[in-house]
Amino acid sequence: MEKIPENKNYTIVRFTKAWAIFIKNPMGKTGLIILSVFMLMAIASFFVPLLGPVYHPMTGADPNITYSTGPSLHHWLGTDFIGRDLFVQLLEGAKVAFIVGLSCAFISVVLGTAIGMISGYAGGIVDTILMRIADIFMVLPSLVILLILASLWELSIWVIIFIIAIMRWPSVSRIIRSQTLSLKSRPFIEASRVAGASNFRIIFKHIMPNVLPLAFLYMTFRVTAAILVEAALSFLGFGDPGQVSWGMMLQWVWSSGHMFQAPYWLLPPGICISLLTLSFYMLGRAMDEVLDPRLRKEEEEE
């Protein structure tokens, strides 16, 4: 990637072209539609509890129901083992999934991008130290570490988010480092040095704008990984007991003995996990085509 000219009109034109390429991609359109549905679900989760205390995802329970029931007019997906509405829990799970996925992805990508740019641009001993630290983090099993910590202490959802994010930055930093190594030898970087630009200015003015699209691409894949890790942790009984997530719904259906008796309880959270992670994967693949012209040429030839 070359230096982006300091021209707002050029930036708008470039974004418009990128959007046109993205929206033509069937995977991109499908992923965007699926993601929009889940965003509406997450937004609805803020308003549904206002209908009454019975529709609170954690504490709300139908006083007339004390056991799991199937779908009905009042409870569209049925109720769990204490009479809580499953549809309300599903909406709340969408909100938690977005919080976990986007927060983890943002933290890990920001950290990985910063370390990758510094490592690639500085080189030498700084590069060696930062990449050895990244190697150590890459070989650590994040889920196992989370399980150990959760078995010792009760982890809140924000502590879980922070741990997942800290364990996921190394792969991003290596990609950004490689891109930075390529960029720092370009003529416009050399020209900036000759002009007297500081290292700080070169990194943030010239290198960062060129690596941000790649960082954003990897953010979509980090969202998927974070959602799956949190769901697995909650299903195993080590999630935040104060949060209703899709993984926690699966844990409740298992621990209450309804795994094979209540498909109306088991299937919705499982399907939602699959579809939401699939939507982010599709977005990532479509964005990859926008950033890599070779992929577009291959598809056109086919």
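The values are calculated or read from the model by the stated rules, or taken from the named source; none is laboratory data. Just so it is clear, the structure is predicted and the values come from calculations on it, not from any experiment. Positions of Cβ are backbone-derived with ideal geometry, glycine not excepted, and every protein chain shown enters the neighbour counts.
A few points about this structure:
- Selection within the stretch 250-281: residues that are at pLDDT 90 or above, among the aliphatic types (A, V, I, L, M) and touching a Leu at 6+ places or on another chain (Cβ under 8 Å). The member of this set that is surrounded by the fewest Cβ atoms within 10 Å (Cβ to Cβ) is L266.
- Residue within the stretch 192-211 that is loosely packed, with under 15 Cβ neighbours inside 10 Å, modelled with pLDDT of 85 or more, in a helix (DSSP H, G or I) and over 18 Å from the mean Cα position of the chain (by Cα) present: no
- The residues of the stretch 205-254 that are of a type in the set (S, T, N, Q) and within 24 Å of P49 (Cβ to Cβ), listed by number, are S234, Q243, S245, Q251.
- Pairs, first of a type in the set (S, T, Y) in the stretch 161-176, second modelled with pLDDT of 90 or more, C-beta under 7 Å, six or more apart: S173/G112; S173/I115; S173/G116; S173/S119; S173/A134
- Figure legend. Inter-residue proximity from the stretch 109-123: first residues closer than 18 Å to M167 by Cα, second residues β-branched (V, I, T) and surrounded by 19 or more Cβ atoms within 10 Å (Cβ to Cβ), beta-carbon distance below 6 Å, spacing 6+ or different chains. Indicated pairs: V109/V172; G112/V172; T113/I176; G116/I176.
- Restricting the stretch 63-99 to residues that are modelled with pLDDT of 95 or more and among the charged types (D, E, K, R), the residue that is nearest to W158 (Cα to Cα) is K95.
- Residues that are of a type in the set (A, V, I, L, M, F, W, C), outside any helix (DSSP H, G or I) and free of Cβ contacts under 8 Å to residues at least 40 places away in the same chain, drawn from the stretch 231-286: M259, F260
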